[in-house]
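All of the numbers you see were taken from the coordinates with simple rules; none came from a lab. These numbers were taken from a predicted model, which means no experiment stands behind them. Note that we place each Cβ from the backbone using ideal geometry, even for glycine, and neighbour counts take in every protein chain shown.
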Amino acid sequence: MGVPKFFRYISERYPCLSEIVKEHQIPQFDNLYLDMNGIIHTCSHPEDDDPHFRITEERIFQDIFHYIEVLFRMIKPQKLFFMAVDGVAPRAKMNQQRARRFRSAKEAEKLEEKARKKGETLPQRKLKN
């Protein structure tokens, strides 16, 4: 979820915190801290409205490990490599996410119906038990 205005505060206090660097001119870093929730979300929910698109759990893990490896090899932390993953979401956030997933499912149904009307064949869904 994050701390409101924290990034702005820290960026203003430490201006060199967020800089654009060239790939071959990366400064030396002692520590690398990763917010894994952002990485996991990016790798498991690609921005794609294609109703045919499916992603396997194995592929998600491959993408996560690849993403981490690229960052690690680029930054090359000298002392510490820290990966942080949040715990279970609070009840209010879970309810908000449930509502969002419901809306997403309805939108997916509309996209699938649109694809069927165009005569496209959709892959069979595997139902979870």
Problem set entry | Förster radius 35 Å - calculated FRET efficiency between MET74 and THR121, Cβ distance, rounded to 0.05 | 0.25
Problem set entry | Distance (nanometres) between label positions extended 7 Å along Cα→Cβ at ARG13 and ARG59 | 4.2 nm
For this session: On a 0 to 90° scale, report how tilted helix 91-117 is relative to the longest principal axis of the chain, with both axes built from alpha carbons and the result rounded to the nearest 10.
Result: 50 degrees
Seminar exercise, completed: Residues ASP30, ASP35, ASP63 in order from fewest to most other beta-carbon atoms within 10 Å are ASP30, ASP35, ASP63
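Can you give the alpha-carbon Rg of the chain over 2.2 N^0.38 Å, where N counts its residues? Write out the running numbers ahead of the final one.
Values: Rg = 19.7 Å, N = 129, 2.2 N^0.38 = 13.9 Å.
For the chain, the normalised Cα radius of gyration comes out at 1.41.
Could you give the size of the charge dipole of the chain about its Cα centre, using +1 on the Cβ of each K and R and -1 on the Cβ of each D and E, expressed in debye and rounded to the nearest 20? Intermediate values should be presented prior to the final figure.
On the way: 24 positive and 19 negative charges, 135 e Å.
With only Lys, Arg, Asp and Glu charged at Cβ, the dipole is about 660 debye.
Give the range of the longest stretch in the chain that excludes all trypsin sites (Lys or Arg not before Pro) found in loop regions by DSSP and having at most 12 other beta-carbon atoms within 10 Å. The partial results should precede the final answer.
Details: sites that count: LYS5, LYS22, ARG54, LYS79, LYS118, ARG125, LYS126, LYS128.
That gives 80-117 as the longest site-free run.
Cut-off is 10 Å between beta-carbons; in what order do LEU111, LEU32 appear when sorted fewest neighbours first? Don't skip to the answer; put the middle values down first.
On the way: LEU111 15, LEU32 18.
Listed from fewest to most nearby Cβ atoms, that is LEU111, LEU32.
Can you list which of the GluC sites (Glu not before Pro) found in the stretch 33-100 are DSSP loop residues with at most 10 other C-beta atoms within 10 Å? Intermediate results must be reported in sequence, preceding the final value.
Numbers: sites: GLU47, GLU57, GLU58, GLU69; in loops: GLU47.
Loop-located and lightly packed - GLU47.
Which of the chymotrypsin sites (Phe, Trp or Tyr not before Pro) found in the stretch 52-129 are loop residues per DSSP with 12 or fewer other Cβ atoms within 10 Å of their Cβ?
Values: sites: PHE53, PHE61, PHE65, TYR67, PHE72, PHE81, PHE82, PHE102; in loops: PHE53.
Within the stretch 52-129, the qualifying chymotrypsin sites (Phe, Trp or Tyr not before Pro) (loop, at most 12 other Cβ atoms within 10 Å) are PHE53.
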For this session: Could you tell me which of GLY87, PHE72, CYS43 has its Cα farthest along the dipole of the stretch 23-87 towards the positive end, charges placed at Cβ (Lys, Arg +1; Asp, Glu -1), taken about the Cα centre?
Result: PHE72
